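Remarks on the structure that follows.
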Amino acid sequence: EPEVTQTPSHQVTQMGQEVILRCVPISNHLYFYWYRQILGQKVEFLVSFYNNEISEKSEIFDDQFSVERPDGSNFTLKIRSTKLEDSAMYFCASSPGETQYFGPGTRLLVL
Amino acid sequence: RKEVEQDPGPFNVPEGATVAFNCTYSNSASQSFFWYRQDCRKEPKLLMSVYSSGNEDGRFTAQLNRASQYISLLIRDSKLSDSATYLCVVRGSGTYKYIFGTGTRLKVLA
């Protein structure tokens, strides 16, 4: 059964550094998403991506965040200058239409 | 009022019990509804979509009440493996944004 994959599984970085989180969505899916979940809190929508552009973003998704689908398979989330409060689990999801399928997540720790 | 609200629990039930969770949503224009389960530190996994007429998948039954703006999940004959957090997810009409509830924790006890 096809799955969404994410790399790395864990990332530790220093405050102010840039990080790139990578996702490979399910191949015939058209919609892609990033979410984050701070430890002990709910899953929060960051951004949706369709037809090679952002279709919607949340208030959390400010100028330090960007997304790209550089090569037709990978879907990346870049955080330009990480802050302590960016420490969270980041989930990628893809969807053929309505139902989303989530990757296993990248646990980001900002020190 | 929160966009999607759930009782955080935990609900502690014995094996074999029937348990029900509710979830309320604030946007009356919401269009799509889902139940996901999340195990500790893992990704959300789709349990079932929720349709207007209600739907059943084995021991799981989901209902939607648009007038009162809530969805429900009923689990019959609970198994130890049902222990998880159950997430209510709602998508508004004309939007790509999916809103998650905080989740309801279920512990099924032997």
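The values are calculated or read from the model by the stated rules, or taken from the named source; none is laboratory data. No experiment lies behind these values; they were computed from the predicted model shown. Using ideal geometry, Cβ is built from the backbone for each residue, glycine included, and neighbour counts are taken over all protein chains shown.
Details
- The residue pairs whose first member lies in region B:35-48 and is in contact (Cβ under 8 Å) with a residue 40 or more places away in the chain, whose second member is of a type outside the set (Asp, Glu) and in a loop (DSSP other than H, G, I, E, B), and whose beta carbons are closer than 6 Å, counting only pairs six or more residues apart or on different chains, are B:Tyr36/B:Pro44; B:Gln38/B:Pro44.
- Residue satisfying all of: in region B:11-31; modelled with pLDDT under 95 and in a loop (DSSP other than H, G, I, E, B); nearest to B:Arg105 (Cα to Cα) among these: B:Ser26
- Residue check for A:Ile60: of a type in the set (Val, Ile, Thr), within 13 Å of chain B (Cβ to nearest Cβ) and part of a strand (DSSP E or B): no
- Selection status of A:Gly16, within 12 Å of chain B (Cβ to nearest Cβ) and assigned to a loop (DSSP other than H, G, I, E, B): no
- Identity of the residue in region A:61-87, over 22 Å from A:His29 (Cα atoms) and in contact with a Leu (Cβ under 6 Å, 6 or more places away or on another chain), that ends up surrounded by the fewest Cβ atoms within 10 Å (Cβ to Cβ): A:Ser87
- Of the residues making up region B:38-58, those that are of a type in the set (Gly, Ala, Ser) and either surrounded by 15 or more Cβ atoms within 10 Å (Cβ to Cβ) or touching a Ser or Thr at 6+ places or on another chain (Cβ under 8 Å) (or both) number 2.
- Comparison of A:Thr76, A:Thr99, A:Thr82 shows that the only residue that is part of a loop (DSSP other than H, G, I, E, B) and more than 9 Å from chain B (Cβ to nearest Cβ) is A:Thr82.
- Evaluating B:Thr61 against the criteria (1) touching a Gly at 6+ places or on another chain (Cβ under 8 Å); (2) surrounded by 15 or more Cβ atoms within 10 Å (Cβ to Cβ); (3) at pLDDT below 95 leaves one unmet condition, (3).
- A:Pro25 meets each of the listed conditions (1) more than 9 Å from every other protein chain (Cβ to nearest Cβ); (2) surrounded by fewer than 16 Cβ atoms within 10 Å (Cβ to Cβ); (3) touching a Ser or Thr at 6+ places or on another chain (Cβ under 6 Å); (4) more than 28 Å from B:Arg105 (Cβ to Cβ) apart from (2).
- Being exposed (fewer than 14 other Cβ atoms within 10 Å of the Cβ), within 14 Å of the chain's Cα centre (by Cα) and among the hydrophobic types (A, V, I, L, M, F, W, C) is a property that holds for B:Ala20.
- Region B:67-110, subset among the polar types (S, T, N, Q) and either within 23 Å of B:Pro14 (Cα to Cα) or part of a strand (DSSP E or B) (or both), residue nearest to the other protein chains (Cβ to nearest Cβ): B:Thr85
- Summed over region B:32-59, the residues that are part of a strand (DSSP E or B) and within 18 Å of B:Gln6 (Cα to Cα) give a count of 13.
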